[in-house]
Amino acid sequence: MNLYIMKIFVLVLVVMLSFGCSSSEENSYEPLYSNAPIFMKNKVYIFGVHPLHNPNRLFEVYQPMVDYINARLKGSELRLEASRNYAAYDEKLFSGYFHFSLPNPYQTVTASSKGYKIFGKMADDENFRGIILVRKDSGIEKVTDLRGKSVSYPAPTALAATMMPQWFMHEHGLNINTDVKNSYVGSQESSILNVFLGKSAAASTWPPPWRAFIKERPEIAEQVEIKWETSHLPNNGLVVREDVPADVVESVCKIIFSLHESKEGKAILSKMELSKYEKAEDATYDSVRLFLKRFEKEVRPIRGGDLNDK
Amino acid sequence: MINKHLSSLWNRSFKFQLIYGFGVILTVLIVSFAYINLSFQKDFFQQSGMKQILNTSLSLVQTSKVWVMANDYVGLEAVVNDVSMHDDLVFATIINPDGKIIAHTDTSYIGKYVADAKRIKYLQEHQSSADKNDDSIEILLHNDKSIDIIRAIHEADKNIGYVNIRLDQGLRTAAIENTITKGIAFTLLSILIGISFAYFVANGLTKSLSSLMLSVRRYSDGKRDEVANEDTVKEIAKLASEFNNLTNNLNKAEELNQKLTERLELAFIATQDGLWDWDIVNDTIYYSPIWKKMLGYSDEDLSSEISAWQERVHPDDLEAALKAIDEHIAGKTQEYTNIHRLRHKDGTWVWTLDRGKVLYDENKKAIRMVGTHTDITKETNERAAQQHTLEHQAHHDALTKLPNRLLFHDRLIQGIEKAKRYKTHLAVFFIDLDRFKQINDSLGHDVGDKVLEEVSDRLMEITRQNDTLARLGGDEFTILMEDLHKAQDASLLAEKILKSLLEPINIKGHILYISSSIGIALYPEDADDAMSLLKYADAAMYKAKDEGRNKFEFYSAEMTRVASKNLLIEASLREALDKEQLEVYYQPQIDGVTDELIGMEALVRWNHPRDGLVSPGVFIPIAEETGLIILIDRWVMQTAIKQVVKWRKDGLNPGKLALNLAMKQLQSKQCTQLITDMLEDAGCKPEWIALEVTEGQIMKNPEQAIVILKEISQMGIELAVDDFGTGYSSLTYLKRLPIDKLKIDQSFVRDLPFDEEDIGISRAIIALSQALYLDVIAEGVETKEQRDFLVENGCRNIQGYFYSKPIPALEMEIFLKEKNI
C-alpha cells in the first residue's frame, strides 16, 4: 500500500515535469498569397529617377520630394524607384514602366517618342554644361595645345560631361577621333584625379561633381583649374506617361513647380543643388535634338554604346 | 481523510518517516534539478533559433536594400538565393509596401500578393513611416516546429520593403525532446534507487531498534541480567551499549542505596540524633522515631506537624530559633545552627543542638529543609552561658559597650560583601576627638572615660539602627554606614556628628568643650577592602585635623599620593637634619638711602647629597604639611642665633637677625618657652632678633595668633608680617596684632616700577604701615629702578638680589667685615 501511494506521487511529479517542458504556445500560421493586391489605399504612380546617384544617395535626395508631393496629393501617391544602372533605367523608361520620370536631356528627348510627354524640367540650365580642367602648371593655353595629348572623360555617352566638351574641342579645331587620346575612366572623380596625377593633360566633367570635389579634396582641387566651359543645354526633364490622368499630372505640376516658394520645398531643392523646377514642353528640348544630330554627324556616333552618364 | 491516514502513518512508524522523508526530499531535489536543467536547455535551443533568424533577416535587409530601391527583381533573386542555402530555412521573401512579393526563395510566388491577415496587418501598421531606432521586427510564428519573423527595410525615413523569413525548428525541437526523455528516465531511475536504499536502511534500523526495545521491556519487567544485542549498526550498537552500561550502573546504584540506607539508620541509632525533614511547600514534616524518643514519646504519640516541635521549644529560645531558620532560608547563613531547649514529656528541658540545611529549587525558592536534633543537655548546661559572655566580651568595648575593633572589622567585611552583592555603597567614618589628650592629662582618666561614654551616647543617638558604631580605642570612634545612596548622606551624618559633639559636656561640674575631626572613606569609590577603607578614613581624618579641626574630609586619592610623597620627603628631610645636610644662608637687609646693613634674614638651604641644592619652594611646603617645619625652624633658629652671637662676639655688627616662625610653632604651648630657652642658651639678646610670621598663617587662626604673638612681643622680640598683601588680612586683626614691621611680598615688587597694579599695591602697603606706625621692608628687590621707586615712596628697607643673594655664613662674615671697615 505504501508503494502504491509512492507510485501515484512519482507519477504526479513526472506529469508536472513534462508539462513544464512542453509549454510552448500551440499556435499556427501559414502564409497565404493571392494574385491581386488585397489592400491598397491609393493609386500608386511609380516615379523613376535616372541613376544620377547611387540608389542610397538617390533616395536620400529625392525621397523627401516624393514625400512632400504625396502629402499634398489626394487619392494617389508617387513611389520613388531607383535603378541599378543606366541600362536598367533605360529599359524601364523605354518600356513604359515608370508613370513619372526624371531622365537626362538625351533620355528626355528619346522618351518623348516612346509614349511620354515632357511637362517640366529642372531649372538652372546654365549648370548643364561641360567644363575642361587642366593642371595649373600644365602650360596649356589653347585648345589646340591638347593636340597629341590624352584627355580623360567619365563615360562616352555622358551628355554634359563628355559629349558637350568633345563638341567644344571639336569646334575649337581638334579632331576628337585623331588629335587626342580619349580615355573614358568610368566616373567623374576618376576623370578629375587623372588630370591631377598627370595621366591626362585635360579632364572633362561638369559643374556639380566639380563643386563636390572641391569640398571633399580641396588640396587637390587647388592644383587644378577650369580652363574652358562649354555653352549649356536644357537641364534634366520631367516626363509623364501619356495614360496618366490629366488631373493627377496637373496636381503634381502645381506642387512641383511651386516647391521653391516654401521653406520646406527650398530645403528639398537645396539637396539637389537646384533653384526650382519649371514648366517645359516638347519644343524646349529642340536644342538638345539639334545638338545630338550635329554631334553624331560631325564628331562621332552615339548609338551603339549605352547613353549613360552625362 | 487521506490526510488523517497519512498523519497517523507518519506518527506511528520511524520506517515510514525515513522512506517517505528520504523519498520526498530526493524527488523534489532531482525533479527541481532536472526541471531547471531542461528549461535551461530548451531556452538555449529556442534562443539560438531566434538568434539565427534575426541574424539572417538582418543580413537580408542589408543586402537587399539597394535592389528594393531599384525594384530590381534580378538583384533581389540573387540575394534571396544567398540565404536559401541554410538547411533549416523554410522560405525567405521580400515584400514591397503594396504587399507584393518581389523576391522569394520559391520564385513561383514572385509577383503575387500577401493574403494572410498577420502580414497584411503588419504591413498596414508599418506602412506610413519607419522608426529609425527600431527594425519593426515582429514574430509571426514561434513554436516547436517553426519560427517566422517579418521586419522592415527602411531608407530615408520610409519603409520601402519588408523581409519575411521562416526557419524550421524541427531539428531543435527533436533535440529538446530527446533531452527531456532522457531527463525523465534519469529522474525516475534516481528516485527509484534512492527510495529502495532508504527502504533497506529503514528496515535494518527498525529491526535493530525492535530488538533493543525488547531488551528494555524485559529489564523493566525485572529481568536484571538482561543484555542488549550490540552486534548491529554503529549508532544502535552504541545505544545498546549505553543501555547495558545503564542497567549495570542501575544495578550497582541499587545495591549502594540499600547499603547507604542501612548505614544511615545505624548511624542515627548510634548517635541517638533525631532526624527531621520539612517539606516547605506542603508544610509537612517528618520526625524520626529517635527524634520522638529523645523527648520521651513513641513513634505514634506525636503528629508529623511543625507544631510538634514549635510547641515544645522553650519560650525564651523560640524567637532566636525561628529567626535562625528564617535567616538560613533567606540565604543569610551557610548552615542553620541553633541551640535551644525542648520540653521533655516529663516536663524537664532538653538542650538540643539543631542543625539543618535548606534545599532550593531552580528558582531559588526554598522547598525542603532537613536537619538533626542532638541532645546536648549535659554539655550545654555548664558551658553555654559562659561562652556567650566570653564571646560578647571579645567583641565589645568594656567601657562604652560598643563593638570593638574586632567586631567592627568583621561587620565591615560583611558589609562590603553585602554591598558587593546588592551593588550598594557604604561609608566608613573615622572620628577622632580634638584635644582629648588634654582632658585626660589635666582632669584625669575618670573624667576622660566619662567623656568617652557621653560621646558614645551622643553618637548612638545620631546613627541609624543598622549603622555600626564602634570604638577602636582611645578617643577613636568609627561608624560603618551601610545602604548609602549618595556621598551627601555621609556628609549629613558627619555634620550632625560635628554639631552634636560641639555641645558642651558637663562632667562632675566641669563644663568641657570638645570638637572632633572626621575622615570618611567610601566603598566602592575609594577602596573595596576593609583594611584600605579604614586606612583611608584615618588619612582623611588627619587631613581634617590638619585643616584646622572640627571638620570632616572625604578621602581622595590625592591624599594617598601626597601622603606617600610626603613620607618620602619627610624621611629624607629627617635624614637631612640628622646628617646636617641643611645649611643656613643669610640675605642682607640694607637701608636703601645709606646703603648700610640693617640686618639679615636667615634662610634654610637643603644641600641634598644626590639631588644637589633643593629649592625651598619644594621642601618648605611639605615640611609645613608634615609638621617637620617645626624641627627645621628650630634648627635654623638655633644655628642662626649661635652664628649671630658669635659674630657679635667677634666685633661684627650683623644688625637684626630675621627668623621665620612657622604657625605650627605658634600653636605649640611651649613656643615662648622654647624661644626663651634658645636665646638664653646662646646668650642672645631678644632685641637682636626679629621673628617673621606669614600673613596667611596668622589669618588661619588670628585669635590664637594674637595671644602668642603678644607673649613674644613682650619678650622684646621684633615681629614682622611676612608676605604681606597675599593673605587677605583683616585690618581689624592687623590693628590688634602686636607687630612692628610689614614685609612687602616680592610678587608686588617684581614688576615695579612698570606695572600699574603693583605700583598701587606697594604704595598702599607703605601708606598702611605709615598709618599704623609700622616699619616696612621690601623683599625680592632686583633692580636699581625697583630700589629707587621703593625708596622714593617711603620704603627704605630693601632686601634682594640688587644688594645680595642669600649667602653662606662664611661669605656673610666677609661681607660684614667689609661693611665694618
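Select from region B:171-188 the residues that are among the small types (Gly, Ala, Ser) and farther than 13 Å from B:Phe45 by Cα and write down the one among them that is nearest to the other protein chains (Cβ to nearest Cβ).
Restricting attention to region B:171-188, the residues satisfying the condition of being among the small types (Gly, Ala, Ser) are B:174-175, B:183, B:185.
Imposing the further condition that a residue be farther than 13 Å from B:Phe45 by Cα reduces the set to B:183, B:185.
On the way: B:Gly183: 8, B:Ala185: 10 Å.
Among those residues, the one meeting the criterion is B:Gly183.
For region B:231-341, please list each of the helices (runs of 4 or more DSSP H) lying entirely inside it that holds at least 2 residues being within 30 Å of B:Lys418 (Cα to Cα). Lay out the reasoning, then the answer.
Values: elements: B:234-271, B:289-294, B:306-310, B:315-329.
In region B:231-341, B:315-329 are the helices (runs of 4 or more DSSP H) which contain 2 or more residues that are within 30 Å of B:Lys418 (Cα to Cα).
For the residues B:Lys805, B:Lys784, B:Lys743, the requirement of being buried (at least 16 other Cβ atoms within 10 Å of the Cβ), in contact with a Phe, Trp or Tyr (Cβ under 9 Å, 6 or more places away or on another chain) and of a type outside the set (Gly, Ala, Ser) singles out B:Lys743.
Mind listing whichever residues of region B:749-771 are aliphatic (A, V, I, L, M) and surrounded by 14 or more Cβ atoms within 10 Å (Cβ to Cβ)? Walk me through it before giving the result.
In the first step, residues of region B:749-771 are kept if they are aliphatic (A, V, I, L, M); the result is B:749, B:752, B:759, B:761, B:764-768, B:771.
If the condition is that a residue be aliphatic (A, V, I, L, M) and surrounded by 14 or more Cβ atoms within 10 Å (Cβ to Cβ), then B:Val749, B:Leu752, B:Ile759, B:Ile761, B:Ile765, B:Ile766, B:Leu768 are the ones that fit.
Scanning region A:28-83 for residues that are of a type in the set (Ser, Thr, Tyr) and facing chain B (nearest Cβ under 8 Å), we see that the one that is farthest from A:Leu274 (Cα to Cα) is A:Ser28. Of the residues making up region B:57-75, those that are more than 11 Å from chain A (Cβ to nearest Cβ) and either surrounded by 19 or more Cβ atoms within 10 Å (Cβ to Cβ) or modelled with pLDDT under 85 (or both) are B:Ser57, B:Leu60, B:Val61, B:Ser64. For B:Ile518, the conditions (1) part of a helix (DSSP H, G or I); (2) in contact (Cβ under 8 Å) with a residue 12 or more places away in the chain all hold with the exception of (1). In the set (1) more than 9 Å from every other protein chain (Cβ to nearest Cβ); (2) among the aromatic types (Phe, Trp, Tyr); (3) part of a strand (DSSP E or B), B:Tyr122 fails one condition alone, (3). Report whether or not B:Leu480 is in the same structural domain as B:Arg411 (by TED's automatic domain parsing) and out of contact with any helix residue (DSSP H, G or I) (no Cβ under 9 Å at 6 or more places or on another chain). When the stated conditions are applied, B:Leu480 does not pass them.
With respect to B:Ile110, is the statement that it is crowded, with 16+ Cβ neighbours inside 10 Å, in contact with a His (Cβ under 8 Å, 6 or more places away or on another chain) and more than 12 Å from B:Ile165 (Cβ to Cβ) true? Yes. Among the residues examined, A:Glu141 qualifies as more than 19 Å from A:His53 (Cα to Cα) and of a type in the set (Asp, Glu).
Select the strands (runs of 3 or more DSSP E) contained entirely in region A:69-125, then report the ones holding at least 1 residues which are touching a residue at least 60 places away in the same chain (Cβ under 8 Å), under 22 Å from B:Asn96 (Cβ atoms) and not aromatic (Phe, Trp, Tyr). Explain how you work it out, then say what you get.
On the way: elements: A:76-81, A:100-102, A:116-122.
So the answer is A:76-81, A:100-102.
Taking the criterion of being farther than 19 Å from A:Asp125 by Cβ, under 21 Å from the mean Cα position of the chain (by Cα) and modelled with pLDDT of 90 or more, the residues of region A:256-277 that qualify are A:Gly265, A:Lys266, A:Ala267, A:Ile268.
Among the residues in region B:657-664, are any within 16 Å of B:Pro686 (Cβ to Cβ) and part of a loop (DSSP other than H, G, I, E, B)? Don't jump to the end; show me each part of the working.
Taking region B:657-664 as the starting set, the residues that turn out to be within 16 Å of B:Pro686 (Cβ to Cβ) are B:657-659, B:661.
Right, trim to part of a loop (DSSP other than H, G, I, E, B) and you get B:661.
Yes, because at least one residue in region B:657-664 is within 16 Å of B:Pro686 (Cβ to Cβ) and part of a loop (DSSP other than H, G, I, E, B).
Just to be sure before I move on: is B:Ile191 within 11 Å of chain A (Cβ to nearest Cβ) and farther than 30 Å from B:Asn71 by Cβ in the structure I sent? Yes: the conditions hold for B:Ile191.
Out of curiosity, is B:Ala602 small (Gly, Ala, Ser) and assigned to a strand (DSSP E or B)? Write out each step before concluding.
Values: small (Gly, Ala, Ser): yes; assigned to a strand (DSSP E or B): yes.
It is true that B:Ala602 is small (Gly, Ala, Ser) and assigned to a strand (DSSP E or B).
In region B:246-260, the residues that are within 12 Å of B:Tyr219 (Cβ to Cβ) reach residues that are part of a helix (DSSP H, G or I) and of a type in the set (Ser, Thr, Tyr) with C-beta atoms within less than 7 angstrom, at least six apart or across chains, in these pairs: B:Thr247/B:Tyr219. Candidates in region B:324-373 are the residues that are in contact with a Ser or Thr (Cβ under 7 Å, 6 or more places away or on another chain) and touching a residue at least 40 places away in the same chain (Cβ under 8 Å); of these, the one that is nearest to B:Trp278 (Cα to Cα) is B:His373.
Residues to consider are B:Asp168, B:Asp135, B:Asp144; find the one that is within 12 Å of another protein chain (Cβ to nearest Cβ) and not basic (Lys, Arg). Working first, answer last.
Values: B:Asp168 fails: within 12 Å of another protein chain (Cβ to nearest Cβ); B:Asp135 fails: within 12 Å of another protein chain (Cβ to nearest Cβ).
Exactly one residue qualifies, and that residue is B:Asp144.
Results for (1) of a type in the set (Val, Ile, Thr); (2) in contact (Cβ under 8 Å) with a residue 40 or more places away in the chain, shown as yes or no for each residue.
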residue: B:Tyr73; (1), (2): no, no
residue: B:Thr107; (1), (2): yes, no
residue: B:Tyr113; (1), (2): no, no
residue: B:Asp116; (1), (2): no, no
residue: B:Leu140; (1), (2): no, no
residue: B:Asp144; (1), (2): no, no
residue: B:Ile149; (1), (2): yes, yes
residue: B:Ile153; (1), (2): yes, yes
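B:Leu239 - would you say it is in contact (Cβ under 8 Å) with a residue 24 or more places away in the chain, away from chain A (no Cβ under 14 Å) and in contact with a Leu (Cβ under 8 Å, 6 or more places away or on another chain)? Yes; evaluated as a whole, the condition is true for this residue. Counting only residues that are among the polar types (S, T, N, Q) and assigned to a loop (DSSP other than H, G, I, E, B), which one in region B:609-656 is surrounded by the most Cβ atoms within 10 Å (Cβ to Cβ)? Residue satisfying both the conditions and the ranking: B:Asn653. Listed by first and then second residue, the pairs with beta-carbon distance under 9 Å, at least 6 apart or on different chains, first residue in region A:248-276 and under 14 Å from A:Val66 (Cα atoms) and aromatic (Phe, Trp, Tyr), second modelled with pLDDT of 90 or more and buried (at least 16 other Cβ atoms within 10 Å of the Cβ), are A:Phe257/A:Gly120; A:Phe257/A:Lys276; A:Phe257/A:Tyr277; A:Phe257/A:Glu278. Residues in region A:224-235: is at least one among the hydrophobic types (A, V, I, L, M, F, W, C) and more than 20 Å from A:Arg300 (Cβ to Cβ)? Yes: region A:224-235 contains one or more residues that are among the hydrophobic types (A, V, I, L, M, F, W, C) and more than 20 Å from A:Arg300 (Cβ to Cβ). Of everything in region B:81-104, what is more than 12 Å from chain A (Cβ to nearest Cβ), out of contact with any Leu (no Cβ under 6 Å at 6 or more places or on another chain) and assigned to a loop (DSSP other than H, G, I, E, B)? Give them in sequence order. Answer for region B:81-104, where residues must be more than 12 Å from chain A (Cβ to nearest Cβ), out of contact with any Leu (no Cβ under 6 Å at 6 or more places or on another chain) and assigned to a loop (DSSP other than H, G, I, E, B): B:Ser84, B:Met85, B:His86, B:Asp87.
The values are calculated or read from the model by the stated rules, or taken from the named source; none is laboratory data. Please read all numbers here as calculations on a predicted model, not as lab measurements. Here Cβ is always computed from backbone atoms with ideal geometry, including for glycine, and neighbour counts include all displayed protein chains.
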